[in-house]
Each structure stands twice: as structure tokens, then as C-alpha cells.
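Scroll down for the structure; my scribbles are underneath it.
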Amino acid sequence: MTRRRQKRAQRTDGGLTYEQRMELVYDIGDGGFASLAEMRAAWFKHRERLLAVYLPGFRPAAFFRFELGAFAPWWPDQITVLMHYGLIDAAEAFAIENSARFPLLKADRPLPATFDQRFHRTDSDLSTCILQWPSGTIPTSAIFELQREAHEYSVAGDWHEWRNRPERAAECRARAARILEVLKLYLEEGENNGNENETAA
């Protein structure tokens, strides 16, 4: 162990070393505890303090591991899991909806423009979107962006249904479906163009 790592391991945060806290909060590293049982004991000993500093809608990795028996999902799936287990109370729900991190979960704001609307200014003619990319191709970054946005709208649909807002839930789910439809058309157009190029060659 290097001197820097030794010094870092010696630092404590309310009785936890840096490595131990990283494992409990982020599930990063594997040298902070001698055993899983020791890690579990540390979680329940420091649970309230670690939860108190977490943002609404999020939980430390150890919470999911030792209390729900699962690995911590990425955002925004943490919210879906917490809703499923009934672990979000009214106060936290209010805080989530008023957080800048969760704009789609607000009930009193118009939904923002979707990815395809922002970049292509289209409304109903999905084929227009395809023409924005040369030869029907689409950058990998745009694929990831469309997938991410569709998933966030899907989670928002589940949230608003849970909050008894059926109209907003339907609106979010329709957005998710539209984004995935746009992505499908992009990919199909790119595949067709590729097949045409192979035939021509």
C-alpha cells in the first residue's frame, strides 16, 4: 500500500475509513471490510447518518444490498425500486418533485421538448427526422441520448401514475413511445441504406 493510500485509509468519517465509506455508499472497492458480515454490521451501525446526507430519491448502495437484497440501480431506476417497495413517503415525494434533478416528475410544469423535437424541430412527420442525418445514419451519442430520454419518460410515467395523475402518466408514456419510434426509424433507415450500398458494390 502506498503512503497516500495508507493516509487515506487512516482517515475516518464518523468511524468509517475512506475505503469503507466508498464501499457502503457507492459499492466501489473491496478492501474496506474483512468480510461481508463486517460490512453489513457497519451499514446498520452508520445507517441513519449515511441516509441523512443522501438526496431525496437516492439511497446508498449498502441500503439496496443489505435491506432489499439487490445491487443499487442507476438513476432514475432507484426511484422505481423505492416506489415498488413503498419506501418514499409524502415528504420525500414532495422533495423529489421540487428537485432540479427530476424535472419530468413535476406536475405543474409543461414537459420539455424531446430530443428529436429540440434538434430537428419536427412534430408529427417522423420521416423528417431521418433526413437530418446524412444517408440515414445516426451517431452513437444520439442513440444513447434517445434511449436515455425514453427511459426517463417511462419512469416519469410510473411516478405520475403512483401519484394519481393518470393524464400526466399517459403523456409521459406517449413521449417515451414516440422517442423509441423515432429511434427505430433512424436505425431501420441506416440499415436499409447499408444494404443498398452493399448491393450496389
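Quick check: net charge around Ala100, other residues with Cβ under 12 Å of its Cβ, Lys/Arg +1 and Asp/Glu -1?
+2
For Leu51 and Glu92, calculate 0.36 nm times their separation in residues minus their Cα-Cα distance, and state this gained length in nm to one decimal.
13.5 nm
Tell me, in nm to one decimal, what length is gained between Ile143 and Glu181 on full extension, where the rule is 0.36 nm per residue of separation less the Cα-Cα distance?
12.5 nm
No value in this document is a laboratory result; all are computed from the given coordinates. Since the structure is predicted, the reported quantities are computational estimates derived from the model, not experimental observations. Glycine also receives a Cβ, built like all others from the backbone with ideal geometry; neighbour counts cover every protein chain displayed.
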